[in-house]
Amino acid sequence: MVSMAHEVLVDLFRNRPSLAPEILVETLGIILPSYTDARLASIDLTRVQPAEYRADVVVLLLDRDVPVLVLIVEVQLAIAARKRFSWPAYVTVSRSIHGCPACLLVVAPDPAVAAWCAEPIETGVPGFVLRPPVLGREAVPVVTDLEDAARRPELGVLSAMAHGETEHGARIAAAVLPVIEGLDDERARLYYDLVYNSLNDAARRALEAMMKGYVYQSDFARKYVAEGVAQGERTMLLRQLRARFGDLPASAIARIESAESNQLELWGERVLSAKTLADVLDEPS
């Protein structure tokens, strides 16, 4: 997954508490008890000092306000041997705190890490072997349906992060971006950045062609989508100029970073025929 920083993935599950149980049921085939509500619970699972246990996300499933399952979500980006001792503690302590069964979901984008996370954890107690469900990159659903994305925008963002560089990338983004537009400003900005930066150049071009008639007419698009396109043009122009003319002066970089899309397009057209950097950036006399 692109931009798979730990806190980014954790935030997706915090922003939608029902995302974790939905993934367990619909993607990983885990049977959960019936519930009517999913709420965030305290991530502090410390019961005995000096040990300190804090999970990434803890979701409490309730049926008419009665806890029926506590679900611990752990985002794992690297192999960490200590987790094989702390994860069983997360489960047992959560079960004790909330007085109901507990389950662990591990989100591990890297295939090697996902395989390690899925290995059974022998606790030493006969019959108590922890086999945590693991959500790897390949298991993340490909969300290309607008209604599905509207129902669960966080899953759509997760889908873009997992599959944005594949042949599905542009269609995932086309389904998710209109939904993002309707979210609060902070989430919209974060989710747009995650989706757009998960795409490769080919997927971005395909997305721009698919969405041009719709998305560029909105205030959201003018603030974020159009700016994202312009930033891609800036990056490409800087790459071309460095390939032609070597290191660039700070003043030239500053002009490019502050330029609008139409100016960037004009400079981009000059690159191939220009003999000097000035031929590209200076206005003709």
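Every read-out reported here was derived from the displayed coordinates using simple, explicitly stated rules and does not represent laboratory data. Worth saying up front: this structure is predicted, and the values here are computed from it rather than measured. Glycine also receives a Cβ, built like all others from the backbone with ideal geometry; neighbour counts cover every protein chain displayed.
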*How big, on average over all directions, is the shadow cast by the Cα convex hull of segment 6-137, in nm²?*
8.0 nm²
*Given charges at Cβ of Lys, Arg, Asp, Glu: the chain dipole, positive-most of LEU62, LEU104, LEU32*: LEU104
*asked:* I want the local charge near HIS168. Using Cβ-Cβ distances under 13 Å, sum +1 for each Lys or Arg and -1 for each Asp or Glu among the other residues.
replied: -2
*Cβ-derived FRET efficiency at R0 22 Å, LEU40 paired with GLU186, nearest 0.05*: 0.80
*Return the calculated 222 nm mean residue ellipticity for the chain, to the nearest 500 deg cm²/dmol, obtained by summing -39500 (n - 2.57) across DSSP H runs with n ≥ 4 and dividing by the residue count.*
-14500 deg cm²/dmol
*Compute the longest continuous run of the chain that contains no exposed trypsin sites (Lys or Arg not before Pro); treat a site as exposed when its DSSP state is not H, G, I, E or B and it has at most 16 other Cβ atoms within 10 Å.*
83-274
*Rounded tilt (10° steps) of 261-270 against the dominant C-alpha axis of the chain*: 60 degrees
_DSSP bridge orientation in the chain - percent antiparallel, rounded to nearest 5_ = 65 percent
*asked:* If the elastic network links every pair of Cα atoms under 10 Å, which of PRO33, PRO178, PRO249 fluctuates the most in the Gaussian network model of the chain?
replied: PRO249
*Any idea what angle helix 226-245 forms with the longest principal axis of the chain, computed on alpha-carbon atoms, 0 to 90 degrees, nearest 10?*
60 degrees
*Based on the alpha-carbon gyration tensor of the chain, what equivalent-ellipsoid semi-axes (square roots of 5 times the eigenvalues) come out, in whole Å, largest first?*
45, 21, 16
*asked:* Angle check, please: helix 185-197 long axis (alpha carbons) against the longest principal axis of the chain (alpha carbons), in degrees 0 to 90, nearest 10.
replied: 70 degrees
*Name the residues whose placed amide hydrogens come within less than 5 Å of the amide hydrogen of VAL57, ignoring near sequence neighbours (fewer than 5 apart) on the same chain.*
VAL73
*With charges only on Cβ, +1 for K and R and -1 for D and E, what is the dipole size of the chain about its Cα centre, in debye, rounded to 20?*
560 debye
_Net charge around VAL271, counting only other residues with Cβ within less than 14 Å of its Cβ (Lys, Arg = +1; Asp, Glu = -1)?_
+1
